[in-house]
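Report on one structure; see the data block that follows.
The values are calculated or read from the model by the stated rules, or taken from the named source; none is laboratory data. Keep in mind that what you see is a predicted model, and the values were worked out from it rather than measured. So basically every Cβ, Gly included, is an ideal-geometry build from the backbone, and we count neighbours across all protein chains shown. The protein model used for the area step is the full one, side chains on, heavy atoms only, and it has no ligands, DNA or RNA in it. Shrake-Rupley method; radii C 1.70, N 1.55, O 1.52, S 1.80 Å.
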Amino acid sequence: MKQLKSDACLPTAFAGLKLRSPLIVASGPASHDAKQIRLAERKGAGAVVLKTVCSEKYDNMRYWPRPRYKLLDWDRQINGRSKQFTLYSYEQGYSGTLQAYWDFVRVCKEKSDIAIIGSAFADATADWVDLATHIEENGADAVELDISSPHRPGSLGFETTFVEAIKSVVNSVKIPVWVKLAPGPDVVNQSVAAEQCGAAAVTLCNRMRGIDVDIENQRPILHGYYAGIGGPWAKYYNFMNVAETARAVKIPISATGGVMNAEDVISYVLLGASTIQILSAIMVNGWDVLMEIHAGIRSYMERKRITSLEEIRGKALKKIVRSDEIVRWSGEPKNGPRNEWD
Ligand SMILES: Cc1cc2nc3c(=O)[nH]c(=O)nc-3n(C[C@H](O)[C@H](O)[C@H](O)COP(=O)(O)O)c2cc1C
């Protein structure tokens, strides 16, 4: 099996952790069982965020509809291999019991050399604390609070109860607490709130909630309810989320959304991200994509004569101009559109 050579690693400090790479496998179906963590390690990931575990109250989230994924618009080529597409899915929490999840965390931590990040979803503060505490007790290096799943019951807003939950988790565990936020106009304010609650990092952003229609049968596709949507196109709005947030908070940002190749990773770093979480590219292109991304980053670093991504982090962010600084063509109002009809 092809595996990343140790000299190809890209050591990265992130929220108190020393990672061998800024590439992190994002929470989802590629981090749902122990063998996948072994693959992630071999293919060069610096960390894995395990599939999100839900509190007992959301027991139904452990049972997934089947099929639960559909690739929409699987047609246009990007870079000859990865394609333009939308990954439409409805997969909620980790499918095992809570005890199975604690064992999962422990086994991954015992067997793997890379950082293991537990991921939790609940609603009552006591449940958030309980999940995070168990994740810590079983050896995880950090915990990510998934307050932003597109499959979460209700709306995707930042509920006031999250403030208390984040603060309580931060006060209850010693490991770093990352908070994963939903995309939307409020990302910057939510990131500031998470920082004020003591979060060690923010993960920007979870996928959007959407729906597609089967017009022949005149019903929603698949399971008949809303779904998570994402794809290569998601990077554009999320580049902006990362840039805006990087200006507003001091805690580091883990970017996630739409990464298909090294260029996408580098763009996120240039806009201020420190680590990059990847999932869809692994699902559609396979695990080797992690090695290809590493190779692409390495060759960019050689071409730009840099030895660490830290040297370029936020460089493009500093060059985003204000809207009143945009150079505009001054002739338009005088010689602009005409109103003659014919
Ligand atoms: C099928 C699927 C399942 C996911 N499950 C979770 C999850 O359990 N917890 C979570 O925080 N994010 C989950 N995500 C979101 C991913 O972790 C990631 O943030 C998102 O897909 C954006 O990255 P990508 O464009 O590289 O896929 C899931 C995404 C997909 C596609």
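So which residues in the range 249-283 are hydroxyl-bearing (Ser, Thr, Tyr) and more than 19 Å from Ser27 (Cβ to Cβ), if there are any at all? Step through it out loud before you land on a result.
Step one: filter the range 249-283 for residues hydroxyl-bearing (Ser, Thr, Tyr), giving 254, 256, 267-268, 274-275, 280.
Listed by number, the list holds a single entry, Ser267.
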### Query
Could you count how many residues in the range 25-60 are within 9 Å of the ligand (Cβ to nearest atom), buried (at least 18 other Cβ atoms within 10 Å of the Cβ) and either at positive phi or part of a helix (DSSP H, G or I) (or both)?
3
### Query
Within the range 54-76, is even one residue under 27 Å from Tyr300 (Cβ atoms) and modelled with pLDDT under 95?
yes
### Message
Would you confirm, using the coordinates I've provided, whether Ser330 is open to solvent by 20 Å² or more (accessible area, probe 1.4 Å), more than 12 Å from the ligand (Cβ to nearest atom) and over 20 Å from the mean Cα position of the chain (by Cα)?
### Response
yes
### Task
Any residue in the range 83-95 that's closer than 12 Å to Lys70 by Cβ and touching a residue at least 12 places away in the same chain (Cβ under 8 Å): show its pairings with residues that are of a type in the set (Ser, Thr, Tyr) and within 10 Å of the ligand (Cβ to nearest atom) at Cβ separation under 6 Å, as long as the two are six or more apart or on different chains.
Leu87/Ser280; Ser89/Tyr69
### Hey, Met260 within 12 Å of the ligand (Cβ to nearest atom) and under 18 Å from the mean Cα position of the chain (by Cα) or not
yes
### Message
Can you pull out every residue in the range 172-182 that is assigned to a loop (DSSP other than H, G, I, E, B) and open to solvent by less than 30 Å² (accessible area, probe 1.4 Å)?
### Response
Val173, Ile175, Pro176, Ala182
### Query
Which one of the conditions (1) more than 30 Å from Thr52 (Cβ to Cβ); (2) part of a helix (DSSP H, G or I); (3) under 25 Å from the mean Cα position of the chain (by Cα) does Lys315 fail to meet, given that it meets all the rest?
(2)
### Task
Taking Ile229 as the residue in question, decide whether it is open to solvent by less than 60 Å² (accessible area, probe 1.4 Å), touching a helix residue (DSSP H, G or I) at 6+ places or on another chain (Cβ under 7 Å) and within 14 Å of the ligand (Cβ to nearest atom).
no
### Message
Residues that are under 16 Å from the mean Cα position of the chain (by Cα), modelled with pLDDT of 95 or more and more than 15 Å from the ligand (Cβ to nearest atom): does the range 173-183 have at least one?
### Response
no
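Restricting the search to the range 145-166, which residues are charged (D, E, K, R) and over 18 Å from the mean Cα position of the chain (by Cα)? Working first, answer last.
We begin by selecting, within the range 145-166, every residue charged (D, E, K, R); these are 146, 152, 159, 164.
Passing the criteria: Glu159, Glu164.
For a quick check of your reading: which strands (runs of 3 or more DSSP E) sit entirely within the range 84-171 and have at least 1 residues that are within 27 Å of Pro11 (Cβ to Cβ)?
On the way: elements: 86-89, 115-121, 142-146.
Passing ranges, in order: 115-121, 142-146.
Could you look through the range 232-257, keep only residues that are outside any loop (DSSP other than H, G, I, E, B) and charged (D, E, K, R), and pick out the one that is farthest from the ligand (Cβ to nearest atom)?
Arg247
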### Hits in the range 287-312 (condition: open to solvent by 70 Å² or more (accessible area, probe 1.4 Å) and either hydroxyl-bearing (Ser, Thr, Tyr) or under 10 Å from Lys43 (Cβ atoms) (or both))
Glu292, Thr307
### Residue ID - nearest to Ile37 (Cα to Cα), chosen from residues in the range 269-281 that are within 11 Å of the ligand (Cβ to nearest atom), of a type outside the set (S, T, N, Q) and crowded, with 24+ Cβ neighbours inside 10 Å
Ile278
